[in-house]
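**Q** Dropping a structure here in structure tokens format, bear with me for questions.
The values are calculated or read from the model by the stated rules, or taken from the named source; none is laboratory data. Everything quoted here is computed from the prediction, not taken from an experiment. Cβ placement follows ideal geometry from the backbone for every residue including glycine, while neighbour counts extend to all protein chains displayed.
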């Protein structure tokens with residue numbers, strides 16, 4: 001594989017980032033430096049960490065960046081729940097995000113499992 005852009009997990013993270021950016025446009029102006037920026041940062045962090053991990057030399061480093069990406073994914077879910085609780089987004093918006101979240105979580109976990117197997121094969 002030549003680029004992180006070929007990874008299905010990165011593609012799904014990108015889809016989440018784009019989705020979140022559309023959703024947070026609904027937030028009121030007083031949330032610009034609160035929930036808006038936090039959601040923007042955490043959603044970007046998912047794909048950023050997958051890309052950075054891909055560029056690392058050692059499998060273990062890549063795995064750690066994927067774990068950080070998984071944490072950012074979960075943080076983004078929490079931001080979306082807050083947006084629902086505050087009445088900024090609809091149940092449908094949150095459900096659509098949850099669907100993307102579940103798909104991305106499975107891909108991240110699968111990629112981590114793949115990297116662990118590759119690491120073990122390398123050490124043999």
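For every residue, the table says whether it meets (1) within 26 Å of residue 86 (Cβ to Cβ); (2) under 15 Å from the mean Cα position of the chain (by Cα).
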residue	(1), (2)
12	no, yes
18	yes, yes
29	yes, no
58	no, no
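**Q** Applying the selection to segment 71-88, what residues are in contact (Cβ under 8 Å) with a residue 40 or more places away in the chain and either within 17 Å of residue 15 (Cβ to Cβ) or not in a helix (DSSP H, G or I) (or both)?
**A** Matches in segment 71-88: 73, 76, 79, 80, 86, 88.
**Q** Suppose we filter segment 89-109 for residues that are within 22 Å of residue 47 (Cα to Cα) and either free of Cβ contacts under 8 Å to residues at least 40 places away in the same chain or more than 14 Å from the chain's Cα centre (by Cα) (or both); how many remain?
**A** Residues meeting the conditions: 10.
**Q** Could you identify the single residue in 121, 102, 87 that is under 21 Å from residue 51 (Cα atoms), exposed (fewer than 13 other Cβ atoms within 10 Å of the Cβ) and out of contact with any helix residue (DSSP H, G or I) (no Cβ under 9 Å at 6 or more places or on another chain)?
**A** One residue alone meets the criteria, 102.
**Q** If you don't mind, another one. Starting from segment 1-18, keep only residues that are farther than 17 Å from residue 114 by Cα, then list their pairs with residues that are part of a helix (DSSP H, G or I) and modelled with pLDDT under 95 whose Cβ atoms are within a distance under 9 Å, requiring at least 6 positions of separation or different chains.
**A** none
**Q** Which residues, taken from segment 15-39, are buried (at least 17 other Cβ atoms within 10 Å of the Cβ) and in a helix (DSSP H, G or I)?
**A** Across segment 15-39, the qualifying residues are 16, 17, 19, 20, 23, 24, 31, 35, 36, 38, 39.
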